[in-house]
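Notes follow once the structure below has been shown.
Each value in this text was obtained by applying a stated rule to the coordinates, not by laboratory testing. Worth saying up front: this structure is predicted, and the values here are computed from it rather than measured. Heads up, the Cβs are rebuilt from the backbone with ideal geometry, glycines too, and the neighbour counts pull from every protein chain shown.
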2 protein chains.
Amino acid sequence: MEKSRVLIIGVTGNLGHHLAKATLQFSHPAFALVRPSSFSDPHKAHKLHSLSNAGVTLLQGSLEDEESLMAAVKQVDVVICAVSSKQVLLQKLLVQVIKKSGCIKRFIPSEFGLDPDKTRISDMDYNFYKQKSEIRRFVEAHGIPYTYISCNFYMSYLLPQLVQPGLKVPPRDKVTIFGDGNTKGVFVKESDVAEFTIRTLDDPQTLNKVLYLRPPGNVCSMNELVELWESKIGKKLEKIFVSEQELLKKIKETPYPDNMEMIFIYSAFVKGDQTYFDIESSGGLDGTNLYPEQNFTTISEYLDTLL
Amino acid sequence: MEKSRVLIIGVTGNLGHHLAKATLQFSHPAFALVRPSSFSDPHKAHKLHSLSNAGVTLLQGSLEDEESLMAAVKQVDVVICAVSSKQVLLQKLLVQVIKKSGCIKRFIPSEFGLDPDKTRISDMDYNFYKQKSEIRRFVEAHGIPYTYISCNFYMSYLLPQLVQPGLKVPPRDKVTIFGDGNTKGVFVKESDVAEFTIRTLDDPQTLNKVLYLRPPGNVCSMNELVELWESKIGKKLEKIFVSEQELLKKIKETPYPDNMEMIFIYSAFVKGDQTYFDIESSGGLDGTNLYPEQNFTTISEYLDTLL
């Protein structure tokens, strides 16, 4: 069977870059839609140059330019979008183009986080998840074959600072724990998310499904996370417990967007939005054991890199 | 196999009354939780008297009284809630009681309309659907076995007036059509919804599933509906087309709650919220053909009763 040709939108971003590399790794013909302006940004131009050298075909265009979208979509079988949260609603034109093209066997919209239909913080997240839900409904309304990837947190987000807002490295004296510290969150490494995503593309099991990642070594509560870190540095930390009420108060007092980090912490580690529901019984598919050859870097292995 | 014992909350309401009757019809031991105040309302007292005579065990209590809820829940295997939209969030205590009791094999929360996770009018519906989604997340967070019934519109809602806001009977001269009139909606008779719901209770296929009803004879667009009515009265009607923009303007100009009828019309017959998505591919279960012996009164049959 021939490998699907894959178009990735957002390759200059964090996950998009990993997706492009994973596409090549699994021998799919790889295409990237790139805004002309990206070539004038030295950092982005460097990334693009290295992807192009590795074999990714770069196509100029943008989510706001229908002609360029159609030209790109017509060259492939699968489209993966990995644009930033600010660009989520711009995917509507892409969905319409995919529909019109009639040639796309799978579309993966830009999510790669919590399931936007399952989070319970819609009063406070400035429509962060609502827009992603809106795109799901738009995809479904157009009858486009999809896979939604709910991988929860990336490891490069919040984990390097042990879920401490404002810090950049893990604490070695005091640590703040939100709520009772027993609610479990999930961190998955971006490169693992990218590889996993590419594995799903030609897999009929994953057609029109929400795929969740909760590998056992990647799920832990704040209490467990602190204990793990303490065991690695050989020292006990002073724990400061911040109650749900206090955290909500701080979120309200902090202006947007500075409060988003605390809002995501609240969602995952107080409300439990990443783990409160049973995957199968809510109609989802557990991706964790779908591909036995897929490795997931554990939280413990990641913490070792911070020592 | 013994039939599950069923507790119904909301039996003095439209669907709740049908649910109680269907419970008896299928030989389930039937219980109803009734607020003490309902016995002083002559209309409700009459309904309760007739249900009691038919074999429903009436239990006094309310969604706001934990002790009465626990006493009622402990006597049954299944709980069906059919309270009004204003009381949706009051189901949280019930969910907690069900969790604590540990004895409930199936919970059907108060929905019986559009799928609240699939509607696309959250900016304008005054949280009508958001509260129902919130209860879903609450049920899932508590790990309670559920079935969600998405039956779309009841036949007694909007259909008696041929989807004409403000009218009480179908028009015989002029008719207003919203949007292009080609978007399809769904009407199912309350007694059929009730029978269908009772059939799902002991069925393992329906555990933790969203069940959708779209019987072919119950799905139609406004153009088709008008044509059907015209053929029955043997007369063509003058059509007045109201565009999406004009409808949205009217909705804005009309104060809440008088505008809700137009909002529901907008959702179903302009946006297509009842039919835009494929049931299977979005993880749902199509209930239409699940029980071959289940009859669904068609729209045409219903219109015949209005002649």
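Residues whose amide H lies under 5 Å from that of A:G61, counting only those 5 or more places away or on a different chain, are A:V34, A:R35; hydrogens are built 1.01 Å from N in the peptide plane. For region B:1-157, taking the reciprocal of the average inverse distance between every pair of different Cα atoms yields a Kirkwood hydrodynamic radius of 15.9 Å.
Using the Cα coordinates of chain A, the gyration tensor eigenvalues translate into equivalent-ellipsoid semi-axes of 34, 20, 19 Å, sorted from longest to shortest.
Rounded to whole numbers, the Karplus 3J(HN,Hα) couplings from phi for region A:253-263 are 6, 8, x, 5, x, 4, 7, 5, 4, 5, 5 Hz, using 6.51 cos²θ - 1.76 cosθ + 1.60 with θ = phi - 60°, and x at Gly and Pro. Listed cross-link partners A:K118/A:K209; B:K100/B:K209; A:K3/A:K47; A:K21/A:K189; A:K252/B:K86; B:K132/B:K209 are compared with a 20 Å cut-off, the Cα-Cα value being larger for B:K100/B:K209; A:K3/A:K47; A:K252/B:K86. Residues in region B:132-141 carry Karplus couplings, in order, of 5, 4, 4, 5, 4, 4, 5, 4, 5, 5 Hz; the curve used is 6.51 cos²θ - 1.76 cosθ + 1.60 with θ = phi - 60°, and Gly or Pro positions show x. Classify region B:195-307 as rounded, prolate or oblate from the Cα gyration tensor: take a ≥ b ≥ c as the square roots of its eigenvalues, call it rounded if a/c is under 1.5, otherwise prolate when a/b beats b/c and oblate if not. Oblate is the answer for region B:195-307, as a/c is 1.5 or above yet b/c matches or exceeds a/b. Pick from B:G217, B:G181, B:G166: which residue has the top mean-square fluctuation in a GNM of chain B where Cα pairs under 10 Å get a spring? Of B:G217, B:G181, B:G166, the Gaussian network model singles out B:G166 as fluctuating most. How much net charge surrounds A:I98 when only the other residues with a Cβ under 12 Å from the Cβ of A:I98 are counted, with Lys and Arg +1 and Asp and Glu -1? Result for the local shell: +4.
Under a Gaussian network description of chain B, with springs only between Cα atoms under 10 Å, the residue in B:L228, B:L58, B:L162 that fluctuates furthest is B:L228. Taking label points 7 Å from Cα along the Cα-to-Cβ direction, B:E2 and B:L24 give a separation of 2.2 nm. Distances between placed amide hydrogens fall under 5 Å for A:Y154 paired with A:V188, all partners being 5 or more residues away or on another chain.
The residues neighbouring B:S50, those whose beta-carbon lies less than 12 Å from its own, together hold a net charge of +3 under the Lys/Arg +1, Asp/Glu -1 convention.
In chain A, helical runs assigned H by DSSP with n ≥ 4 each contribute -39500 (n - 2.57); averaged across all residues and rounded to the nearest 500, the mean residue ellipticity at 222 nm is -10000 deg cm²/dmol. Highest mean packing comes first when the peptides B:91-99, A:65-73, B:5-13 are listed by Cβ atoms within 10 Å, giving B:5-13, B:91-99, A:65-73. Length available on full extension from B:N223 to B:E280: 0.36 nm per residue minus the Cα-Cα distance, which gives 17.8 nm. Dimensions of region B:56-127 from C-alpha coordinates, computed as largest minus smallest value along each principal axis and given longest first, are 40, 25, 22 Å. For A:I177, the amide hydrogen comes within under 5 Å of the amide hydrogens of A:I240, A:F241, A:V242, counting only partners 5 or more places away or on other chains and with H modelled in the peptide plane.
Size check on region B:109-193: the Cα extents along the three principal axes, sorted descending, read 53, 32, 21 Å. For the protein assembly as shown, the share of DSSP beta bridges that are antiparallel, to the nearest 5, is 10%. Averaged over the residues of A:273-285, the number of partner chain Cβ atoms lying within 10 Å of the residue Cβ comes to 4.
The string of couplings for region B:190-198 from the Karplus curve (6.51, -1.76, 1.60, θ = phi - 60°) is 3, 5, 5, 4, 5, 4, 4, 4, 5 Hz, one whole number per residue in order, with x for Gly and Pro.
Taking chain A as a Gaussian network of alpha-carbon nodes connected by springs under 10 Å, the highest mean-square fluctuation of the residues A:P145, A:P170, A:P255 belongs to A:P255. Panel order for A:R120, B:R136, by other beta carbons found within 10 Å of each beta carbon, from fewest to most: A:R120, B:R136.
Model label points for B:L167 and B:E238, set 7 angstrom from Cα along the Cα-to-Cβ axis, are 1.3 nm apart.
Each peptide in A:150-160, B:284-294 gets a packing score, the mean of other Cβ atoms within 10 Å over its residues, and the list from highest to lowest is A:150-160, B:284-294. Restricting to chain B, compute how many DSSP beta bridges are antiparallel as a %, nearest 5. Of all bridge pairs located within chain B, approximately 10 percent are antiparallel. Computed from Cα positions, the angle between helix A:222-233 and the longest principal axis of chain A comes to roughly 80 degrees. Note: region A:250-307, Cα convex hull, 151 Å³ per residue. State whether region B:189-252 is rounded, prolate or oblate according to the following rule on the C-alpha gyration tensor (a ≥ b ≥ c being the square roots of its eigenvalues): a/c under 1.5 gives rounded; otherwise a/b larger than b/c gives prolate, and the remaining case gives oblate. It comes out oblate by the Cα gyration axes. Tally Lys/Arg at +1 and Asp/Glu at -1 over every other residue whose Cβ is under 14 Å from the Cβ of A:F112; what's the total? Once positives and negatives cancel, what remains is -2. For the protein assembly as shown, the convex hull drawn through the C-alpha positions has a volume of 193 cubic angstrom per residue.
By definition, a body whose alpha carbon gyration tensor gives a ≥ b ≥ c is oblate when a/c is 1.5 or more and a/b is not larger than b/c, and region B:127-265 fits this oblate description.
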